[in-house]
Amino acid sequence: MDNNKNSIEPLLVMEEGFNIDKYWKIIKPRLHIVIIITLFMVAAAYIKVTAKTPIYTASGLLMIEPESRNIIMFDSRPSFYGYRNEYFNTQIKILQSRTLSKIVMEEFRSTPVGNSLMKENSKFSIQGPLVTPLEYTTLVQVNYKSTDPRAASEMVNLLFDKFIEFDLDIKSQSSRYAAEYIARQIEKLQQNLTQKEEEMQAYGKRKELFYLSREDSTVVEKFSVLNKAYTEAQIDRVNKESVYEELNGTSHENFPEVKKSQLVSNLKNTYSSLESEYTRKSQIFKSSYPEMTQLKSQMGSLQERIRTETRDIAQKTLKEARSEFQTAKKKEESMLNLLNRQKGIMVNSNSDAIYYKTLGIEVDNMRSLLNYLVRKQKESVLSSRLEGLQTSNIKVIDRAQVPGAPINSGLKKMLLTALMLGLFTGFGLIFLIDYLDRTIKTPEEVKTILGVPALGKIPATNSRVVNAYYSSSYSYGYGANPGKKKKEHTPPKNRDIDLINFLEPESPFADDYRTIRTAILLSIPRHPPKIISISSALPSEGKTATTINLAISFSQLGKKVLIIDGDMRKPRMHKVFKIKNTAGLSSYLTGRAKLTDILQKVSIPNLYIVPSGPLPPNPTELIDSEVMATALQKLMERVDFIFIDTPPLIGIVDPILLGKHADGMILVTWAGKTHRHAVEKAIDELNKFNVRNLGVVLNKVDSRRSEYGDYNYSYYSYKYRYKADPETGNRELPARK
């Protein structure tokens, strides 16, 4: 038994913690809010998706390998520092640069696709490039977005081509510097050679030097030697100068001496080992871990040393190249001076033949030098191209394909998101409204919030149980006409509610009033209340209709019941029963009528009425008198129960005074309409003046909120015998006897 008990307890806790019926009662009457909001959001999402211009994304994949092939790159993420990563980040920035984008766009405009889109499509647009390095790889993904799928793919592929060309152009730039220098030297030498040849021809023609002896003087021989030495000095100077110019336009890392340096190579290998260790340990430790901090510090020191060694070797090499170039230049200038002096000696010797031959020697030497420079220029150009091809470390892995569908078309995803958002918003709004709704809606809330008994509830005329009842066919009083067909009934209007217990004894209203009657009889143990006052916190909450129908319900027990219209400010009882109000309670309290004069019998069995009488100027003083107490005592000698209809409690003291004359008071409130603060204030007034509160009757209850709201009353009926019209079968309220 104990085990079974323990197993049941968690289920009970679960049921108490999460009550589905409770939440369904909150949601059900406002379910239309969820439907409207959800439909609106789904429709808005559909319109938004179908109205916007489609955007296409084309993607391609590049591989950017490290420049130094003997170094293994373990981590190419831009967020990690390192000398290799500086190169990687540099390439990323070049891919995103305005210069490269401008080149690509100009090239795109010249293509057939770009030309037609630029001219014909006014809505055409393009965005990009979006460059995304892939972690732990040397791969880079490049995206372009465009309103045209062909343009997106074309831009990605053009960017790849122009980027590789740009990279090769940069790498071959230093070699081009030397080639351009040689080209300038060739151009200058060609001009000098042409001038010297023209001079030689003009001199020979002028001197008529058609034949020269084979025997040359010592002066000519010496001039020939000096001229040859000068030519060699020029060649040496050109070589040294081209080497210097090439080194001067090259980054330090690309110096041959740097690449050959064993020290730099060892340092880079050590750095790679540390980087590998750092990458491996970063999977285990955080970057702030002491060992990781120490590794990072060592890597930083090695990086700085690599830079320092590279810079020192490059500067030293450049300095030596410049020194060799300056030395060669001085040697060339020195040889030129010697040659000029020897030329002067030859001129002074006044030997036309010698001078002519000297000119020939100069021309031959210039031609030799020109041929050498032309050969050197070809070698430089070829070297530039080969260097660019050999050091090209950028490769296209995946070229961009034309996208088949736009990225912003996600209709299903958008509609699903709108649906979920609509449901979330709708249900959230329902619970917010319920949280802000400070009214009393169910008998359960009467007990939990107000702390007073809930005597019962009266359904609203449009509630489910009422509609279920009146949608069925009923017959009553057909004993006189047994062959007459049943009559279809419609729900009662508000003015018919006052006598519904008499007019429709089988209706849900009558059954609920009988339930309240039972609760009243059991409200005070052993001594059920005889004099009952009925009030409400505010006007128009149905207290008069409740008073009449409860009195009718008590009269159906065969007891004599009296209704006193104690509202001497806005009386309505005489209008309901269609009796005169010339004499009533106010007449008796002022001594203008006897008790027998104001007590009126109506056609409903066992029911009597005391109307309010003419409206007095001071109803409070009349009620708070011994005459009122005496009148109630005398009336109780004639009837079994007295129901007193009183004005609203808030702002008027009359119901408190009438309640003190009664055995207890019933408070009527409009379910879901009257604010709980008003009901609480009315209850406080009763407690303040020690008026017994028999309980609360909830009027106009929406059955969707009630605990038994779906209960169907149509399958059973109560049988009562009333006088009915033999022709029509309709019950009517007869005139007063």
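Nothing in this text is a laboratory measurement; each read-out follows from the coordinates by a stated rule. Just so you know, these numbers come straight off a predicted model, no measurement behind them. Neighbour counts run over all protein chains shown; Cβ positions are idealised from the backbone, glycine included.
Between K688 and E626, what is 0.36 nm times their sequence separation minus the Cα-Cα distance? Round to one decimal in nm. Please report the intermediate quantities before stating the final value.
Numbers: separation 62, 0.36 × 62 = 22.32 nm, distance 2.18 nm.
Net length gain for the segment: 20.1 nm.
How high is the FRET efficiency from Y46 to H677, r the C-beta distance, R0 35 Å, rounded to 0.05?
0.20
Exactly which trypsin sites (Lys or Arg not before Pro) in region 491-561 are in a DSSP loop and have at most 10 other Cβ atoms within 10 Å?
Working: sites: K493, R495, R514, R517, R526, K530, K543, K559, K560; in loops: K493, R526, K530, K559, K560.
Filter output for region 491-561: K493, R526.
What is the sum of charges around G60, taking Lys and Arg as +1, Asp and Glu as -1, for the other residues whose C-beta is under 14 Å from the C-beta of G60?
With Lys, Arg at +1 and Asp, Glu at -1, the neighbours total +1.
Return the distance in nm (one decimal) between the two label points of a simple spin-label model at R307 and E120, each offset 7 Å from Cα along Cα→Cβ.
5.4
If packing is taken as the average count of other Cβ atoms within 10 Å, what order do 532-540, 578-586 fall into, highest mean first?
532-540, 578-586
Would you count, across region 516-615, every pair of lysines whose alpha carbons are under 17 angstrom apart, provided the pair is eight or more residues apart or spans two chains?
Lysine pairs meeting the criterion: 12.
Any idea what diffusion coefficient region 93-152 gets from Stokes-Einstein, in µm²/s, Kirkwood Rh on alpha carbon pairs, 20 °C, 1.002 mPa s?
Numbers: Rh = 12.7 Å.
Using the Kirkwood radius from Cα pairs, D works out to 168 µm²/s.
Karplus couplings for region 324-338 from phi (6.51 cos²θ - 1.76 cosθ + 1.60, θ = phi - 60°), rounded to Hz, Gly and Pro as x?
Once θ is set to phi - 60°, the couplings for region 324-338 become 5, 5, 5, 5, 5, 5, 5, 5, 4, 5, 5, 5, 5, 4, 4 Hz.
Suppose each label sits 7 Å from its Cα in the direction of the beta carbon; what would the R638-Y435 distance come out to in nanometres?
5.8
Label points 7 Å out from Cα along the Cβ direction at T596 and N269: separation in nm?
About 13.6 nm, to one decimal.
Peptides 547-554, 276-283, 393-400, 640-647: what's the order by average Cβ count within 10 Å, highest mean first?
By packing density, highest mean first, the sequence is 547-554, 640-647, 393-400, 276-283.
Sort 620-631, 676-687 by packing, meaning the average of other beta carbons within 10 Å per residue, with the highest value first. Intermediate values should be presented prior to the final figure.
Values: 620-631: 15.6, 676-687: 17.7.
Answer by packing, highest mean first, reads 676-687, 620-631.
Fewest to most neighbouring Cβ within 10 Å: what's the order for W24, W670?
Working: W24 11, W670 21.
Ascending number of Cβ neighbours within 10 Å: W24, W670.
With the cut-off at 22 Å, tell me which of the pairs K259/K319; K296/K395; K188/K330; K260/K319 have Cα atoms farther apart than that.
Among K259/K319; K296/K395; K188/K330; K260/K319, the Cα-Cα distance tops 22 Å for K296/K395.
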